[in-house]
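Engineer: Handing you a structure now.
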Amino acid sequence: RLDTVALDINRLIEEALDLYGSDHVTFNADLASDLPKIEADRGRLRQLLNNLIKNAIEASHDTAQPQVTVMTRLVRGQVTDWVEMDVIDNGKGFPDDIIGELFEPYVTTKPKGTGLGLAIVKKIVEEHGGIVRVQNLAAGGAAVMIRFPALVASERPRDAVTVDEEESPEQFEA
């Protein structure tokens, strides 16, 4: 059972990134101001963030200047507003042959990985009425993009993006 509260996702991201201070990885937070809160279980979202940040660190480990970026923004829909969170690394990206299976249990690219991290992420996102997808980036690296339904309607910030909900909600803009 989820123990949900009105959650400020930016604050949770800042707390999570504070735990990962490192001389070896550069962390960037590009967090949209005035995001609406989401209805979420703080512990479950902390677990989700820890899984994604840990994966991003490991993925960028072999690069000369490892970077992990966490971004948020408001995406306005005709019916539902979404709070989007992207976790981006500058590693090698996901292997093309398994990118469609990454959220399946026991699928891993790591020698000692269990293959449960992204399966858990997907379960947590779905428990919160959200959607998740992954993509490799043209410049290198990968992004995990998650959208959660916004708790309340808000005034449209300048940097909000409007989506057509006739399209699949899984169609994220890069």
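Engineer: Please identify the pairs in which a residue from region 91-104 that is at positive phi has its Cβ atom under 9 Å from the Cβ atom of a residue that is surrounded by fewer than 18 Cβ atoms within 10 Å (Cβ to Cβ), counting only partners at least 6 apart or on another chain.
Structural biologist: G93/I99; G93/Q135; G93/N136; G93/L137; G93/G140
Engineer: Next question. So which residues in region 5-17 are among the small types (G, A, S) and either open to solvent by 50 Å² or more (accessible area, probe 1.4 Å) or at pLDDT 95 or above (or both)?
Structural biologist: A6
Engineer: With (1) touching a residue at least 60 places away in the same chain (Cβ under 8 Å); (2) open to solvent by 20 Å² or more (accessible area, probe 1.4 Å) as the list, and Y20 as the residue in question, which single condition is left unmet?
Structural biologist: (1)
Engineer: Here's a follow-up. I need the full set of residues from region 34-68 which are among the polar types (S, T, N, Q) and either open to solvent by 60 Å² or more (accessible area, probe 1.4 Å) or under 18 Å from D8 (Cα atoms) (or both), in order please.
Structural biologist: Within region 34-68, Q47, N50, Q65, Q67 qualify.
Engineer: Mind listing whichever residues of region 135-149 are open to solvent by less than 20 Å² (accessible area, probe 1.4 Å) and in contact with a Phe, Trp or Tyr (Cβ under 8 Å, 6 or more places away or on another chain)?
Structural biologist: A142, M145, R147, F148
Engineer: Also, I was wondering about something else. Return the total of residues in region 116-174 being at pLDDT 80 or above and basic (K, R).
Structural biologist: 4
Engineer: What is the one condition in (1) modelled with pLDDT of 95 or more; (2) of a type in the set (A, V, I, L, M); (3) in contact with a Gly (Cβ under 7 Å, 6 or more places away or on another chain) that A59 does not satisfy?
Structural biologist: The one condition A59 does not meet is (1).
The values are calculated or read from the model by the stated rules, or taken from the named source; none is laboratory data. As the structure is a computational prediction, the values presented were derived from the model and not from experiment. Cβ atoms come from the backbone with ideal geometry, glycine included; neighbour counts cover every protein chain shown. The accessibility values were calculated without ligands, DNA or RNA, using every heavy atom of the protein model including side chains. Shrake-Rupley method; radii C 1.70, N 1.55, O 1.52, S 1.80 Å.
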